[in-house]
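Chemist: I have a structure I would like to understand better, so I am pasting it below and will then ask my questions one at a time.
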Amino acid sequence: MVFNTGAALLDAIVLAVVSKEKEGTYGYKITQDVRGVLDVSESTLYPVLRRLQKDDCLEVYDMAYAGRNRRYYKLTDRGAAQLELYKAEWKIYASKISGMFEGGIG
């Protein structure tokens, strides 16, 4: 992708991915789902997950899987509220950019 992905957009995408699973999802799956829309590495995403956890947008728990623990991330109430804010802001932003590309002012 030729456009840079800012921290807020990456946060929004990660929160959206995690929100799809009510009981949470694990880091590798989050990475694969995000890669469906952005070209990012695990080394980029894991600091995002830690920051969202620190900001109380994600809660983290471990669960046994195939003989080892797998770390799961689940949206908190604060994370859900932040995601709704991102969605509203994205609609405004996308509308303005689309308007600009289509010859209008936005």
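The values are calculated or read from the model by the stated rules, or taken from the named source; none is laboratory data. Since this is a predicted model, take the numbers as computed values, not measurements. Reconstructed Cβ throughout: ideal geometry from the backbone, glycine too, with neighbour counts over all protein chains shown. What goes into the accessible areas is simple: the full protein's heavy atoms, side chains included, and nothing from ligands, DNA or RNA. Shrake-Rupley method; radii C 1.70, N 1.55, O 1.52, S 1.80 Å.
Chemist: LYS22 versus ASP39, label points 7 Å from Cα toward the beta carbon: distance in nm?
Modeler: Taking the two extended label points, one gets 3.8 nm.
Chemist: Another one. Which of the trypsin sites (Lys or Arg not before Pro) across region 10-106 are loop residues per DSSP, with 16 or fewer other Cβ within 10 Å?
Modeler: Working: sites: LYS20, LYS22, LYS29, ARG35, ARG50, ARG51, LYS54, ARG68, ARG70, ARG71, LYS74, ARG78, LYS87, LYS91, LYS96; in loops: LYS20, LYS22.
Those that pass, being in a loop and sparsely packed, are LYS20, LYS22.
Chemist: Calculate for the chain the 222 nm mean residue ellipticity that helices alone would give, adding -39,500 (n - 2.57) per DSSP H run of length 4 or more and normalising by residue count, nearest 500 deg cm²/dmol. Numbers along the way, then the final one.
Modeler: On the way: 4 runs with 60 residues, N = 106.
Taken over the chain, the calculation gives -18500 deg cm²/dmol.
Chemist: Now for a separate question. Just to confirm a number: summing +1 for Lys and Arg and -1 for Asp and Glu over residues other than VAL18 whose beta-carbon lies under 11 angstrom from that of VAL18, what do you get? Intermediate values should be presented prior to the final figure.
Modeler: Details: positive: LYS20, LYS22, LYS29, LYS74; negative: ASP11, GLU21, GLU23, ASP33, GLU59.
Cβ neighbours under 11 Å give a net charge of -1.
Chemist: Let me ask something additional. Would you kindly work out the equivalent ellipsoid of region 64-106 from its C-alpha gyration tensor and give its semi-axes, the square roots of five times the eigenvalues, largest first in whole Å? Please list the in-between numbers first.
Modeler: Details: eigenvalues 307, 39, 3 Å².
Equivalent ellipsoid semi-axes, largest first: 39, 14, 4 Å.
Chemist: Excluding ligands, DNA and RNA, what is the solvent-accessible area per residue of the chain at a probe of 1.4 Å, expressed in Å²? Intermediate values should be presented prior to the final figure.
Modeler: On the way: 7280 Å² over 106 residues.
Ligands and nucleic acids excluded, the result is 69 Å² per residue.
Chemist: Which FRET efficiency, nearest 0.05, do ARG50 and TYR93 yield, Cβ-Cβ r, R0 22 Å? Can you show the working numbers first?
Modeler: Values: r = 26 Å, r/R0 = 1.18.
Between ARG50 and TYR93 the formula returns 0.25.
Chemist: On to the next question. For region 1-62, state which GluC sites (Glu not before Pro) are in a DSSP loop and have at most 16 other beta carbons lying within 10 Å of their beta carbon. The partial results should precede the final answer.
Modeler: Details: sites: GLU21, GLU23, GLU42, GLU59; in loops: GLU21, GLU23.
When the GluC sites (Glu not before Pro) of region 1-62 are filtered for loop state and at most 16 Cβ neighbours within 10 Å, GLU21, GLU23 remain.
Chemist: Between (1) 175; (2) 106; (3) 122, which matches volume of the Cα convex hull per residue in Å³ calculated for the structure shown?
Modeler: Entry (2).
Chemist: Check the straight Cα-Cα distances from LYS20 and name the lysines below 26 Å, setting aside those fewer than 8 residues away within the same chain.
Modeler: LYS29, LYS54, LYS74, LYS87, LYS91
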